[in-house]
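S.K.: Below is one structure. I have some questions about it.
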Amino acid sequence: MLQKLKKTVKDVLAVPAVRKAYEAGNRAVLGAVGSNRLAATLYSFPGFATFNREQYAVLAGRRAYYAHLNQARPTHVELRRNIHRLEKGILMQPRRDVFARDYIEETVDFYLVAVRGRTEGATQSIDEVELRWAHDVLRTYFTLVRPGDAAVDRARTTFEAAPVPGPVAPEATIRPYPHGSIERSDVTYDQLLALARQRRSVRWFLDKPVPRDLIDKALVVGREAPTACNRLPYEYLVYDDPELVRKVAAIPFGTGGYAHQIPTIVVVKGRLDSYFSPRDRHAIYIDAALATMGFVLALETLGLSSSIINWPDFEPLELKMQKTLGLEVHDRVVCLIAVGYPQPESLVASSPKKSLEVLRSYNAVPE
C-alpha cells in the first residue's frame, strides 16, 4: 500500500504543471513561516506534524527517563553520567579540594542500586566492567577530596559500607590516568587517509553471509567513539536472517533496486530515554554518527564494505519501522547500514568531496 502511494505521488509530481504548482506553493508557505520564530512555531504546531513526532519522542523519552529512576531495574544512565562527571573533576588542573558536592550522594545511591542488581542477578544495562569503573572512580574521588564537607562525608560513609561486588577488586584500577601512559598505535596519517578513501558506499554484495564475529569486532571499534558523559545512547540492531533483512531493507526510500541482495542490515537506534532535558535531544544523532563512522571504517579492515542508508523523518515510514522492529516511541532510527562482502566488479560512485577552502575557515567572525 505504501509503495503504491509513493509511486502515485511520484507520478503526479512528474507532471510538469503539477510540479511547478507544488514548488510555487511550497516556496510561498516557506517564505511566510520561515520569516520569524512565531510563524515557525505555529507551522510546527501539532496538526501540521512536521516536527510533531520528534517532539512526542523527546517527551516520551523524558517520561521514560524519570520512570527508570524509580524502577528496581533502571538503565543506569545517570550512574554513567555522574561517574564521568567525577572523572572530569578528578582530571581538572588545578583540582579543587572539594567538588561534586551537589550530586555525590545521588551518585552513590545510583551505585548501590547497580551493586544490588548485580548481586541479585537481575538483568541490567550495566556490565561488570562498567560497575568496576564506577567503584574505582568513586574510591579515587573519596581518596582525593578533603574531609569536612557534610554531603561528601555522608556519601563516603555510605560508599565504604557498601558491599564490593564479586568481580570488582577493592583497589581502584579503572580511573583517570596520564595521557603519556596510553599505548600508541603505529597507524600513520597516510594509512588512515588511505583507509578513509578506501571506504566507499557499496550497494552490490556477494551472495555470502557476514560472520557475526566480524560485525562485533567492528562494533568494538565504533564503541570507542566519544560520547557525551559516556552515555552511549544508541544501540545497533543487526539483522542477518534473509527474510528479516529483506523486510527491513525494503522500508527506507533509498534502497530501491538493491535491497533484495543485502546480506546484513543494521539499524542504528538512538535512545531518547537517556536524557532528562530536551536540550540534549540531538546527542543521540551525534554520538551514534561518531560511533558509526568507526564501525564502517573497521568493517573495511575486515574485508567488508557498507553503505549508509539515509533515514528521513517521514511519518508513514516511521510508523512502519516502529511496528516492524517493535520500537518504543522514544526510540529514534538514526540511519541504516547495509553490510556485506563487495562484488569486485560492481561500480561505486566517485563522489568527489568539497575542497578544504569550502569546508574550513579559521577565526571567522563578523565584522
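S.K.: Of the numbered conditions (1) open to solvent by less than 20 Å² (accessible area, probe 1.4 Å); (2) among the charged types (D, E, K, R); (3) modelled with pLDDT under 95, residue 279 fails exactly one; give the number of that condition.
M.R.: It is condition (1) that residue 279 fails.
S.K.: Of the conditions (1) assigned to a loop (DSSP other than H, G, I, E, B); (2) open to solvent by 90 Å² or more (accessible area, probe 1.4 Å); (3) out of contact with any strand residue (DSSP E or B) (no Cβ under 6 Å at 6 or more places or on another chain), residue 160 satisfies every one except a single condition; which number is it?
M.R.: (1) is the only condition that residue 160 fails.
S.K.: Here is a further query. Could you list, in sequence order, all residues of region 277-306 that are in contact with a Phe, Trp or Tyr (Cβ under 8 Å, 6 or more places away or on another chain) and assigned to a helix (DSSP H, G or I)?
M.R.: Passing the criteria: 283, 284, 287, 288, 291, 295.
S.K.: Name every residue in region 264-276 that is assigned to a strand (DSSP E or B) and open to solvent by less than 10 Å² (accessible area, probe 1.4 Å), in order of residue number.
M.R.: Scanning region 264-276 gives 264, 265, 266, 267, 268, 270.
S.K.: Just checking, how many residues over region 24-45 are at pLDDT below 80, open to solvent by 70 Å² or more (accessible area, probe 1.4 Å) and more than 25 Å from residue 56 (Cβ to Cβ)?
M.R.: 0
S.K.: Within region 149-165, which residues are without any contact (Cβ under 8 Å) to a residue 24 or more places away in the chain and not aliphatic (A, V, I, L, M)?
M.R.: Within region 149-165, 153, 156, 157, 160 meet the criteria.
S.K.: Can you pull out the residues in region 307-326 that are crowded, with 19+ Cβ neighbours inside 10 Å and either in contact with a Gly (Cβ under 8 Å, 6 or more places away or on another chain) or in a loop (DSSP other than H, G, I, E, B) (or both)?
M.R.: Scanning region 307-326 gives 309, 311.
S.K.: Still on this structure: Taking only region 93-116 into account, find how many residues are part of a helix (DSSP H, G or I) and open to solvent by 80 Å² or more (accessible area, probe 1.4 Å).
M.R.: 2
S.K.: Go through (1) outside any helix (DSSP H, G or I); (2) open to solvent by 40 Å² or more (accessible area, probe 1.4 Å); (3) of a type in the set (D, E, K, R) for residue 332 and report which single condition fails.
M.R.: (2)
Let's see how each residue does on (1) open to solvent by 60 Å² or more (accessible area, probe 1.4 Å); (2) free of Cβ contacts under 8 Å to residues at least 12 places away in the same chain; (3) not β-branched (Val, Ile, Thr):
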residue: 178; (1), (2), (3): yes, yes, yes
residue: 185; (1), (2), (3): yes, yes, yes
residue: 190; (1), (2), (3): yes, yes, yes
residue: 195; (1), (2), (3): no, no, yes
residue: 215; (1), (2), (3): no, no, no
residue: 222; (1), (2), (3): no, no, yes
residue: 227; (1), (2), (3): no, no, no
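S.K.: Another question, then. Please state which of the following conditions residue 261 fails to meet, knowing it meets all the rest: (1) modelled with pLDDT of 95 or more; (2) open to solvent by less than 40 Å² (accessible area, probe 1.4 Å); (3) in contact with a helix residue (DSSP H, G or I) (Cβ under 9 Å, 6 or more places away or on another chain).
M.R.: Here residue 261 meets the rest and fails (3).
S.K.: Still on this structure, please answer the following. Tell me the residue from 358, 365 that is part of a helix (DSSP H, G or I), farther than 30 Å from residue 78 by Cβ and open to solvent by 80 Å² or more (accessible area, probe 1.4 Å), please.
M.R.: 358
For (1) closer than 25 Å to residue 323 by Cα; (2) not aliphatic (A, V, I, L, M), each residue gets a yes or a no:
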| position | (1), (2) |
| --- | --- |
| 207 | no, yes |
| 223 | no, yes |
| 235 | yes, yes |
| 245 | yes, no |
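The values are calculated or read from the model by the stated rules, or taken from the named source; none is laboratory data. Predicted model, so just to flag it, every value in this text is computed and none were measured. Note that each Cβ is placed from the backbone with ideal geometry, even for glycine, and that neighbours are counted across all protein chains shown. Keep in mind that these areas ignore ligands, DNA and RNA; they rest on the heavy atoms of the full protein, side chains included. Shrake-Rupley method; radii C 1.70, N 1.55, O 1.52, S 1.80 Å.
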